[in-house]
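Below you'll find the structure, written out as structure tokens, and then a few comments.
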Amino acid sequence: METLKNIILSKTGIWLLLLVLAVVIPPMVGGYLTSMLILICIWTILCFSVNLIYGYTGQLSLGQAAFFGIGAYAFGLLTVKVGLGFWPAFFLAIVITGIFGFLIGIPALKLRGPYFILVTLGFSVIIGVVFVAWIELTGGANGLAGIPRPNPVPLPWGELSFESLLPMYYFILFFLIIIMLLFSRLVKSLIGKTFIAISYNENLTESLGINTMGRKIMSFTISAVIAGIAGVLYSSYNIVISPEIAYFAKGMDVVAYLIVGGAGTMAGPFIGTFILMALPEILQIVPSLNTLINGIILMLFLLFLPSGVSGGILSLKEKFSKKRIG
Amino acid sequence: MALLEISGLTKRFGGLSAVDDLNFSVKQGELLSIIGPNGAGKTTLFNLMTGFYKPTSGKIIFKEKDITRSKPHQVTRSGISRTFQMTSIYSQTTVLENLVIGQALHAKSGLCSSIIGFPSANRERKKIQDKAEEILSFVGLEDKRDKSAAGLTEEAQKRLSIGLALSTEPELLLLDEPTGGVNMEEISGLIDLVDKIRQLNITICLIEHKMRMVMSISDRIIVLSYGKNIAEGTPDAVANNEEVIKAYLGERCVF
Ligand SMILES: Nc1ncnc2c1ncn2[C@@H]1O[C@H](COP(=O)(O)OP(=O)(O)OP(=O)(O)O)[C@@H](O)[C@H]1O
Ligand SMILES: [Mg+2]
């Protein structure tokens with residue numbers, strides 16, 4: 001009994017409870033809420049990408065929406081215009097996104113602090129413009145249509161098709177869970193520890209024989225790949241994509257999600273994305289006000305709770321346990 | 001051949017020559033102190049030796065290899081490590097975790113094997129954990145193992161920063177004011193630590209202002225003033241050198 005109680009109250013218990021909820025709730029709610037949950041899952045993945053480069057490596061990138069857009073468009077173009085199948089296109093799209101991350105990372109990460117932030121923002125703006133202006137390739141503002149859902153999976157009792165919402169939701173949830181598990185292993189590994197060390201003190205880390213530039217490029221490339229996966233999933237889910245998805249303000253929104261949830265924590269992307277995406281929905285806020293409200297919430301958090309919700313919970317817990325000892 | 005050879009080393013910041021045509025060498029196994037008034041260019045010299053600054057001119061040869069233009073992490077990997085004048089540790093995490101990060105350069109596991117957790121990566125982790133514990137006890141911080149590094153006293157932070165520098169397994173260790181900001185009573189403990197490091201056959205360059213300490217532990221001393229090498233020799237020879245006394249005018253009593 002005691003052990004059961006411990007499991008329920010432990011961190012693992014909370015994660016398992018959330019997993020169960022994420023699996024059982026969608027069939028019980030309508031399509032609208034399920035589509036909302038799909039978007040929350042996709043943006044949580046994107047938020048993990050910001051978490052790696054900013055939360056864990058200390059380099060604030062405002063350009064993750066651009067990698068999301070590159071992943072989405074690469075997948076869309078490879079399936080619609082090149083005619084590749086779902087999985088080859090998926091794989092190639094994230095490789096392409098990774099290459100972009102690597103190539104942008106090399107010059108951008110030589111810059112520190114505000115200069116790096118500005119370069120990532122500039123990159124994001126440029127990518128947004130390219131998607132609008134390169135009409136022959138991207139279809140311009142009209143966007144790109146006819147992007148496929150995943151191939152149906154043959155099962156003993158019939159075919160599992162992803163044309164309907166619910167299977168698509170589980171498909172995306174599956175990716176979110178895999179990414180989260182790999183992410184948590186990465187940040188606990190020795191390589192992950194060097195990312196964190198860079199965010200703590202870059203010069204000290206370099207003096208300890210770590211090629212900090214190489215590690216920052218590695219982290220940025222992985223973060224681009226994660227953003228690319230989110231983009232591919234979005235592209236396949238939504239069937240059509242248009243340049244707004246890579247709009248630079250999206251890159252800032254996602255940073256706001258992360259800071260509100262708690263940068264540099266595993267729970268941060270979930271908490272922040274959920275709060276900032278679900279809240280406007282619940283409060284019936286006009287979408288055009290979203291960015292404004294995100295900005296205000298972000299400012300309040302930076303002023304009063306810079307470590308975010310999960311950082312706040314952690315320090316509350318610490319205070320509590322200290323009291324019990326003392 | 002000396003362990004380290006410096007020739008014609010110069011670093012200018014605008015019009016100021018912080019290090020000005022320095023020539024000296026460090027012999028295998030010795031403890032060489034570098035002294036000089038504030039702003040003499042001592043820290044700048046360490047920054048040049050470790051690749052944090054690129055020299056305006058001159059050469060640095062370590063173990064017969066030119067490291068003048070090497071990046072700091074390459075210098076560290078070739079066998080030189082350092083502490084910083086502004087004590088540098090990872091204050092956001094625990095003492096042991098600091099020393100685990102210090103071992104990271106020895107890790108060979110690639111990205112995939114460390115994420116997936118191949119047996120080789122797990123074995124490597126275990127080895128690194130053990131080495132971190134070993135250094136923890138070498139610098140005498142066992143009882144602070146799981147404490148936050150931020151909560152350490154200045155003296156313990158110095159020990160930790162030296163432990164970090166030792167994690168890279170240097171042949172030449174550069175210590176920038178290892179007793180700076182530490183209580184008088186605690187200094188002897190740090191001196192003992194420096195002695196222990198010497199017994200490992202690690203060559204040491206030491207920047208210090210505390211003359212009694214410098215005079216007692218150095219094999220040789222170099223005196224810098226305005227970036228120039230104004231005297232060099234045994235502690236006795238340097239203490240009686242006219243130029244040095246001039247440079248330290250008013251500080252003579254400390255000898
Ligand atoms: N990055 C820099 N840019 C410009 N000037 C610098 C820089 N680093 C050092 N200096 C200047 O070079 C000179 C030497 O400084 P340095 O820090 O090497 O002195 P120091 O001998 O270590 O002094 P202290 O005993 O106070 O630590 C000083 O005049 C300093 O202002
Ligand atoms: Mg100095």
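The values are calculated or read from the model by the stated rules, or taken from the named source; none is laboratory data. Computed from a prediction, not measured in an experiment: that's the story for all the values here. Glycine also receives a Cβ, built like all others from the backbone with ideal geometry; neighbour counts cover every protein chain displayed. Please note that ligands, DNA and RNA were not included when accessible areas were found on the heavy atoms of the full protein model with its side chains. Shrake-Rupley method; radii C 1.70, N 1.55, O 1.52, S 1.80 Å.
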Residues (part of a loop (DSSP other than H, G, I, E, B), within 12 Å of chain A (Cβ to nearest Cβ) and away from ligand 2 (no atom under 16 Å from the Cβ)) located in the range B:68-88: B:Ser70, B:Lys71, B:Gly79
A:Ala230, sole failed condition from (1) at the interface with chain B (Cβ under 9 Å from one of its Cβ atoms); (2) surrounded by 23 or more Cβ atoms within 10 Å (Cβ to Cβ); (3) more than 30 Å from B:Ile80 (Cβ to Cβ): (1)
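Go through the residues of the range B:175-182 one by one and say whether even a single one is within 16 Å of ligand 2 (Cβ to nearest atom) and open to solvent by 30 Å² or more (accessible area, probe 1.4 Å).
Taking the range B:175-182 first, the residues within 16 Å of ligand 2 (Cβ to nearest atom) are B:175-182.
Retained after the next criterion (residues that are open to solvent by 30 Å² or more (accessible area, probe 1.4 Å)): B:181.
There is at least one residue in the range B:175-182 that is within 16 Å of ligand 2 (Cβ to nearest atom) and open to solvent by 30 Å² or more (accessible area, probe 1.4 Å).
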Selection count where residues are over 16 Å from B:Leu175 (Cβ atoms), near ligand 1 (Cβ under 9 Å from one of its atoms) and not polar (S, T, N, Q), scope the range B:25-50: 4
Filter the range B:50-62 down to the residues that are touching a strand residue (DSSP E or B) at 6+ places or on another chain (Cβ under 6 Å), open to solvent by less than 70 Å² (accessible area, probe 1.4 Å) and either more than 16 Å from ligand 2 (Cβ to nearest atom) or under 19 Å from B:Val223 (Cα atoms) (or both) and list them by number. B:Pro55, B:Thr56, B:Ser57, B:Gly58, B:Ile60, B:Ile61, B:Phe62
Quick test for you: out of B:Lys158, B:Lys210, pick the one residue that is of a type outside the set (Ser, Thr, Tyr) and in contact with a Pro (Cβ under 6 Å, 6 or more places away or on another chain). B:Lys158
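Considering each of B:Glu142, B:Glu154 in turn, give the residue that is without any contact (Cβ under 8 Å) to a residue 12 or more places away in the chain and away from ligand 2 (no atom under 16 Å from the Cβ).
Details: B:Glu154 fails: without any contact (Cβ under 8 Å) to a residue 12 or more places away in the chain.
Being without any contact (Cβ under 8 Å) to a residue 12 or more places away in the chain and away from ligand 2 (no atom under 16 Å from the Cβ) holds for just one of B:Glu142, B:Glu154, which is B:Glu142.
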Condition check for A:Tyr32: of a type in the set (Ser, Thr, Tyr) and in contact with a strand residue (DSSP E or B) (Cβ under 7 Å, 6 or more places away or on another chain): no
Please report, ordered by residue number, the helices (runs of 4 or more DSSP H) entirely within the range A:219-326 with at least 1 residues that are at pLDDT 90 or above and under 26 Å from A:Tyr169 (Cα atoms). A:248-261, A:268-282
Answer with yes or no whether B:Arg69 is away from ligand 1 (no atom under 16 Å from the Cβ), at pLDDT below 95 and within 28 Å of A:Ile191 (Cα to Cα). yes
Scanning the range A:201-210 for residues that are part of a helix (DSSP H, G or I) and surrounded by 19 or more Cβ atoms within 10 Å (Cβ to Cβ) gives A:Glu202, A:Leu204, A:Thr205, A:Glu206, A:Ser207
Please verify whether the range B:14-24 includes one or more residues that are under 25 Å from B:Ser216 (Cβ atoms), near ligand 1 (Cβ under 9 Å from one of its atoms), outside the structural domain of B:Ala165 (by TED's automatic domain parsing) and surrounded by fewer than 22 Cβ atoms within 10 Å (Cβ to Cβ). no
Restricting to the range B:34-50, count the residues that are at pLDDT 95 or above and part of a loop (DSSP other than H, G, I, E, B). 1
Unique match (being closer than 13 Å to B:Ser161 by Cα and at pLDDT 95 or above) among B:Val95, B:Val75: B:Val95
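Are any of the residues in the range B:225-241 touching a Phe, Trp or Tyr at 6+ places or on another chain (Cβ under 7 Å), hydrophobic (A, V, I, L, M, F, W, C) and either more than 16 Å from ligand 2 (Cβ to nearest atom) or assigned by TED's automatic domain parsing to the domain that holds B:Phe62 (or both)?
At the first step, the residues of the range B:225-241 found to be touching a Phe, Trp or Tyr at 6+ places or on another chain (Cβ under 7 Å) are B:229, B:232, B:239.
From the residues that got through so far, the ones that are hydrophobic (A, V, I, L, M, F, W, C) too are B:239.
From what is left, the residues that are either more than 16 Å from ligand 2 (Cβ to nearest atom) or assigned by TED's automatic domain parsing to the domain that holds B:Phe62 (or both) are B:239.
Yes - at least one qualifying residue is present in the range B:225-241.
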With the structure loaded, tell me whether B:Lys65 is open to solvent by 10 Å² or more (accessible area, probe 1.4 Å), within 14 Å of another protein chain (Cβ to nearest Cβ) and under 26 Å from B:Gly29 (Cα atoms) or whether it fails that test. no
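Taking the range A:203-227, which residues are more than 9 Å from chain B (Cβ to nearest Cβ) and either without any contact (Cβ under 8 Å) to a residue 12 or more places away in the chain or of a type in the set (Gly, Ala, Ser) (or both)?
At the first step, the residues of the range A:203-227 found to be more than 9 Å from chain B (Cβ to nearest Cβ) are A:215-217, A:219-221, A:223-227.
Scanning the range A:203-227 gives A:Ser219, A:Ser223, A:Ala224, A:Ala227.
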Can you pull out every residue in the range A:181-192 that is open to solvent by less than 30 Å² (accessible area, probe 1.4 Å) and in a helix (DSSP H, G or I)? A:Phe183, A:Ser184, A:Leu186, A:Val187, A:Leu190, A:Ile191, A:Gly192
Can you pull out the residues in the range B:128-173 that are among the small types (Gly, Ala, Ser), open to solvent by less than 20 Å² (accessible area, probe 1.4 Å) and closer than 16 Å to B:Thr93 by Cα? B:Ala132, B:Ala149, B:Ala156, B:Ser161, B:Gly163
Given the residues B:Gly189, B:Gly163, B:Gly140, which is the only one that is small (Gly, Ala, Ser) and in a loop (DSSP other than H, G, I, E, B)? B:Gly140
Which pairs do you get when a residue that is farther than 10 Å from B:Val223 by Cβ, found in the range B:235-255, comes within reach of a residue that is crowded, with 17+ Cβ neighbours inside 10 Å and modelled with pLDDT of 75 or more, reach meaning Cβ atoms under 6 angstrom, with the pair 6+ apart or on two chains? B:Pro235/B:Met215; B:Pro235/B:Ser218; B:Pro235/B:Ile221; B:Val254/B:Met211; B:Phe255/B:Met211; B:Phe255/B:Ala239
When every residue in the range B:101-111 that is more than 7 Å from chain A (Cβ to nearest Cβ) and within 22 Å of the chain's Cα centre (by Cα) is compared, the one surrounded by the most Cβ atoms within 10 Å (Cβ to Cβ) is B:Gln103
B:Tyr53 passes all but one of (1) away from ligand 1 (no atom under 16 Å from the Cβ); (2) in a loop (DSSP other than H, G, I, E, B); (3) not basic (Lys, Arg); which number fails? (1)
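Which one of B:Thr179, B:Thr153 is among the hydroxyl-bearing types (Ser, Thr, Tyr), out of contact with any Ser or Thr (no Cβ under 7 Å at 6 or more places or on another chain) and in the same structural domain as B:Lys54 (by TED's automatic domain parsing)? Before you say what the answer is, go through the steps one by one.
Working: B:Thr153 fails: in the same structural domain as B:Lys54 (by TED's automatic domain parsing).
Result: B:Thr179 is the single residue among B:Thr179, B:Thr153 that is among the hydroxyl-bearing types (Ser, Thr, Tyr), out of contact with any Ser or Thr (no Cβ under 7 Å at 6 or more places or on another chain) and in the same structural domain as B:Lys54 (by TED's automatic domain parsing).
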Which pairs have Cβ atoms under 7 Å, sit 6 or more apart or on different chains, and link a residue in the range A:277-299 that is among the polar types (S, T, N, Q) to one that is open to solvent by less than 40 Å² (accessible area, probe 1.4 Å)? A:Asn290/A:Pro280; A:Thr291/A:Ala249; A:Thr291/A:Asp253; A:Asn294/A:Asp253; A:Asn294/A:Ala256; A:Asn294/A:Leu276
Of the conditions (1) more than 16 Å from ligand 1 (Cβ to nearest atom); (2) assigned by TED's automatic domain parsing to the domain that holds B:Thr56; (3) modelled with pLDDT of 95 or more, B:Ala165 fails just one. Which one is it? (2)
